[in-house]
Structures are given as structure tokens and as C-alpha cells.
Amino acid sequence: MAGNGQGAPTDAPERIPPGQRLVHGWPVSHYGSVPRFRPERWNLRVFGATASGAERQWLFDDLTALPHATVVADLHCATGPTSTDHEWYGIPARAVLDLVPPAPEVTHVMAWAEYGYSANLRLSDFDAPETLLATHHNGEPLTAEHGFPLRLVVPHLYGYKSPKWLRAVEYLTEDRRGFWEDRGYHNIGDPWREQRYSHQEKPGEGPRLPG
């Protein structure tokens, strides 16, 4: 699925959210350096307000036994570039929710990546059909620069909500800002509403910012 404009030509204007520009290829953008993958130390955690009260972990080799799906979608960077028709393969976020159900009072999740990077999402955004914990892109394993071994892909939101080098999902009973959301980016990040920066937030769209 390709989000808004599914089935339209790649360069059709209706595929590009307001204020975005179409770029070809797949630009590399991230904060900090590319982490080194150490399989013997790597795991994926789901913790926080789980229904059972217990956390769940998977080692890297365990991922192949989980449900998998393919999603075709566009990527929108909050700084303006949009690249189209990315084919992702990985674990649907809904499968994670099925395997580790959240407690009834959970409203949000925090996606944790290497170096303590984080991105908060409404539970409904994490539970969206196109949200994926991706291991492959266009039929090949992710490159290190693009998030190998695992990245969260939330294509209906700006790219800062799709952290590379995913390591954990935390279930939250109240919203808490992630890395960029705490540094001036919009708490929700819908590209079709141009929700780029925190000063655009309306009441109820995010926790109070310090100061």
C-alpha cells in the first residue's frame, strides 16, 4: 500500500504532501553515527505497560520466526524531501501487539533505538496496517546507513517517527515526547497536515513542553 494516492503515478502531485518536494533515490538522514551491529549483544524488547506486566525479548535470529509482511509506501522527511515507492519487508507492528498485548490503559508507545534515540507514537499510529518493523528494503536486507538490522517504518507520518536501529518498544499509559519531539518537532507529525514543529501544536496534540 502506498498511503495517500495509492495507485497514482509516482510523480503525481497528489502523492506529495503539502510543502514537500519529490526526490529520487533514498537520501540518508540520521542523528549521530551509524552503530556497529553486534549480533551476540542485540535483542528487541517490548516492555512498559504490557497486559501481563512482563516484558518480552527476541534475539536477532528469533525475528525470522515472527509474522512478516510487505508494505509499499512513500517516505516524507520533515525538512521537505519525499521519496516514493519504497518496498519494505518485515514484522507488522500489529503482530507485536498481538504477541505482547498492551494493557487496556495504554495510549501511546515509545520506540527506542540505539544511542537512546526515541520517537513517541499514538497507539493508533503504531497499530496502523502499514506500520512495520522492517528488516528489508526493495528485496535486500537494510544497509547499516538505513537502519540494519531493524527499523520502524511509520510511512503515514514524517520520517523522524520511523527510527533506524530499533531496539525496543515501550507501552505508555500517557504520552511522553521523544528525542526530536522534545527539541521542537511536532508531537504527531502528520505530513498531510504539515505538522512539522511543536509551535504548530493545538491543545491536546502533545504534552506540555518545558519552559
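The number of residues in region 121-140 being surrounded by 15 or more Cβ atoms within 10 Å (Cβ to Cβ), out of contact with any Ser or Thr (no Cβ under 9 Å at 6 or more places or on another chain) and of a type in the set (D, E, K, R) comes to 2. Would you check which residues across region 143-156 are surrounded by fewer than 21 Cβ atoms within 10 Å (Cβ to Cβ) and without any contact (Cβ under 8 Å) to a residue 24 or more places away in the chain and list them? Listed by number, the list holds a single entry, THR143. Within region 88-106, does at least one residue satisfy the condition of being closer than 20 Å to CYS77 by Cβ, within 12 Å of the chain's Cα centre (by Cα), modelled with pLDDT of 95 or more and of a type in the set (Phe, Trp, Tyr)? No, the conditions are met nowhere in region 88-106. For region 111-120, enumerate the residues that are touching a strand residue (DSSP E or B) at 6+ places or on another chain (Cβ under 7 Å) and farther than 16 Å from ALA95 by Cβ. Within region 111-120, TRP112, ALA113, GLU114, SER118, ALA119, ASN120 meet the criteria. Picking from residues in region 59-97 that are without any contact (Cβ under 8 Å) to a residue 60 or more places away in the chain and out of contact with any strand residue (DSSP E or B) (no Cβ under 7 Å at 6 or more places or on another chain), the one that is nearest to ALA128 (Cα to Cα) is ARG94. Here is a list: ASP127, ASP182, ASP175, ASP190. Which entry is touching a residue at least 12 places away in the same chain (Cβ under 8 Å), in contact with a helix residue (DSSP H, G or I) (Cβ under 7 Å, 6 or more places away or on another chain) and not small (Gly, Ala, Ser)? Among ASP127, ASP182, ASP175, ASP190, only ASP127 is touching a residue at least 12 places away in the same chain (Cβ under 8 Å), in contact with a helix residue (DSSP H, G or I) (Cβ under 7 Å, 6 or more places away or on another chain) and not small (Gly, Ala, Ser).
For region 115-124, a residue qualifies if it is of a type outside the set (S, T, N, Q) and either farther than 25 Å from PRO191 by Cβ or without any contact (Cβ under 8 Å) to a residue 12 or more places away in the chain (or both), and the qualifying residues are TYR115, GLY116. With respect to PRO35, determine if the residue is more than 27 Å from HIS186 (Cα to Cα), assigned to a loop (DSSP other than H, G, I, E, B) and either in contact with a Phe, Trp or Tyr (Cβ under 8 Å, 6 or more places away or on another chain) or among the polar types (S, T, N, Q) (or both). For PRO35, the condition - more than 27 Å from HIS186 (Cα to Cα), assigned to a loop (DSSP other than H, G, I, E, B) and either in contact with a Phe, Trp or Tyr (Cβ under 8 Å, 6 or more places away or on another chain) or among the polar types (S, T, N, Q) (or both) - is not met.
The values are calculated or read from the model by the stated rules, or taken from the named source; none is laboratory data. The structure displayed is predicted, hence computed values, not measured ones. Heads up, the Cβs are rebuilt from the backbone with ideal geometry, glycines too, and the neighbour counts pull from every protein chain shown.
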